[in-house]
Amino acid sequence: MENNVVLDKVVDKIIEQLKLNTINTSLLESSVYSINAGGKRFRPLLLLQTLKALGTDVNLGIIPAASLEMIHTYSLIHDDLPAMDDDELRRGKPTNHIVYGEATAILAGDNLLTESFNLLTKSKLSPEQIVKLVTLYSKCAGQLGMISGQMLDIEATEKELTILELEEIHRNKTGELIVAAIEAATIIANSESHVTESLKLFGEKLGLLFQVTDDILDVTGTTETLGKHIGSDEKNNKTTYVSLLGLDGAKEVKTTLANEMKDILNTLDKDIQISELMEIVELIVNRTK
Ligand code: GRG
């Protein structure tokens, strides 16, 4: 099945879940607004592509992918709030709080996070797999992952970080949900632990590749890219790969990571379709938005 067709099903599942449990139209509208505001659907795509690599039916990944995209969207709504990055634009569109007000945006984020777990429990996977996914998502999105990354990021504002400190933030803030997409696929596919461990390492590097590319695009990107969250890192005096290493240094990090990731894929068992994951590396390396 074409990726776009499955990704449409992922989005349909999210909207269905939000409509099913709604008792308030403003909350529904603001939640749906951010789900439909032009995101790349990278985490769902990664989960589905990893399932393909593992030779598992992508339909089994639709609900887990939808749930993960809901968590990601909540994090962006909250990240844009005045108390956090205070951004007026994301993906070239007004941020949730600009359209619906701060209180509704906070609740839309809370709503997406909470409903994501409710949706996950409706999956046709085994109860053991569902519990593993709930454990994984709450770990990666929670205080052992993304939320701590966000906290470290806030504490780092106006501070000059070392590369190790910067990567610690990105591993948590951006990387954990990316690793979650890959690990979720290994749970769905019942992969052997050595496969899961190699793919998690691949995912950790992918998170950093994603971030260094984001930092590079923030200074070299098109109007569309720059409009996604207008230079908020510079505005908030945040260290980036480019501010720390220069543009050429950041590009070098990007090349090294991509090569290391391809090396990991080449060590995987022969029955794994590594071309599906090579495609993901190329997608990020060639990202323009
Ligand atoms: C508020 C708890 C809380 C967490 C926020 C992920 C995050 C933590 C903030 C995002 C800040 C940011 C812009 C980071 C740069 C890399 C990144 C994660 C970009 C957004 O992900 P994309 O590019 O977004 O996949 P789209 O818009 O395509 O869905």
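Taking R0 as 22 Å, what FRET efficiency do you get between Glu102 and Ile23 from their Cβ-Cβ distance, rounded to the nearest 0.05?
That gives a FRET efficiency of 0.55.
Which longest uninterrupted range of the chain lacks any GluC sites (Glu not before Pro) assigned by DSSP to a loop state (not H, G, I, E or B) and surrounded by at most 15 other Cβ atoms within 10 Å?
The answer is 193-289.
What is the magnitude of the charge dipole of the chain about its Cα centre, with +1 placed on the Cβ of each Lys and Arg, -1 on the Cβ of each Asp and Glu, and no other charges, expressed in debye to the nearest 20?
In total the dipole reaches around 740 debye.
Grab the beta carbon distance between Lys122 and Leu247, set R0 = 41 Å, and tell me the FRET efficiency rounded to 0.05.
The pair Lys122/Leu247 has a calculated efficiency of 0.35.
Rounded to the nearest 500 deg cm²/dmol, what is the calculated helix-only ellipticity per residue at 222 nm for the chain, with -39500 (n - 2.57) per DSSP H run of length n ≥ 4?
The helix contribution divided over the chain gives -22500 deg cm²/dmol.
Would you rank Thr186, Thr288 by solvent-accessible area, highest first, keeping every protein chain in place and using a 1.4 Å probe?
Ranked list, largest accessible area first: Thr288, Thr186.
Could you point to the residue in Ser193, Ile63, Leu133 farthest towards the positive end of the stretch 1-286's charge dipole, with +1 and -1 charges on the Cβ of Lys/Arg and Asp/Glu respectively?
Ile63
Averaged per residue, what accessible surface does the chain expose to a 1.4 Å probe, in Å²?
45
What order do His170, His194 take when sorted by accessible area (1.4 Å probe), most exposed first?
These residues rank, largest area first, as His194, His170.
With a 1.4 Å probe and all protein chains left in place, how much of the accessible area of the chain comes from carbon and sulfur atoms, in whole percent?
54
Which cross-chain or sequence-distant (5 or more) residues have an amide H under 5 Å from the amide H of Leu89, H modelled 1.01 Å from N in plane?
Thr95, Ile230
If you build a Gaussian network model of the chain, linking Cα atoms that sit under 10 Å apart, which residue out of Leu177, Leu208, Leu245 swings the most?
With Cα springs under 10 Å in the chain, the top fluctuation among Leu177, Leu208, Leu245 is at Leu245.
Pick from Ser123, Ser193, Ser148: which is most flexible by mean-square fluctuation in a GNM of the chain where alpha carbon atoms under 10 Å apart are linked?
Ser193
At R0 = 30 Å, how high is the FRET efficiency between Met151 and Leu283 if r is their beta carbon distance? Nearest 0.05 is fine.
Once rounded, the FRET efficiency stands at 0.50.
Quick one: among Ala103, Ala185, Ala66, which has the greatest mean-square fluctuation in a GNM of the chain with alpha-carbon springs under 10 angstrom?
Comparing Ala103, Ala185, Ala66 in the GNM, the peak value goes to Ala103.
Distance cut-off 31 Å, Cα to Cα: go down the list Lys173/Lys262; Lys19/Lys262; Lys124/Lys270; Lys9/Lys238; Lys238/Lys270 and report the pairs above it.
Violating the 31 Å limit, Cα to Cα: Lys19/Lys262; Lys9/Lys238; Lys238/Lys270.
For the chain, list the DSSP H helices whose alpha carbon atoms reach 30 Å or more along the long axis and whose average Kyte-Doolittle value is -0.5 or above?
Going by DSSP H runs, the hits are 193-220, 241-266.
The values are calculated or read from the model by the stated rules, or taken from the named source; none is laboratory data. Quantities reported herein were computed from a predicted structural model and do not represent experimental measurements. In this analysis, Cβ positions are derived from the backbone assuming ideal geometry, glycine residues included, and neighbour counts consider all displayed protein chains. Areas reflect the complete protein model, heavy atoms only, side chains present, ligands, DNA and RNA absent. Shrake-Rupley method; radii C 1.70, N 1.55, O 1.52, S 1.80 Å.
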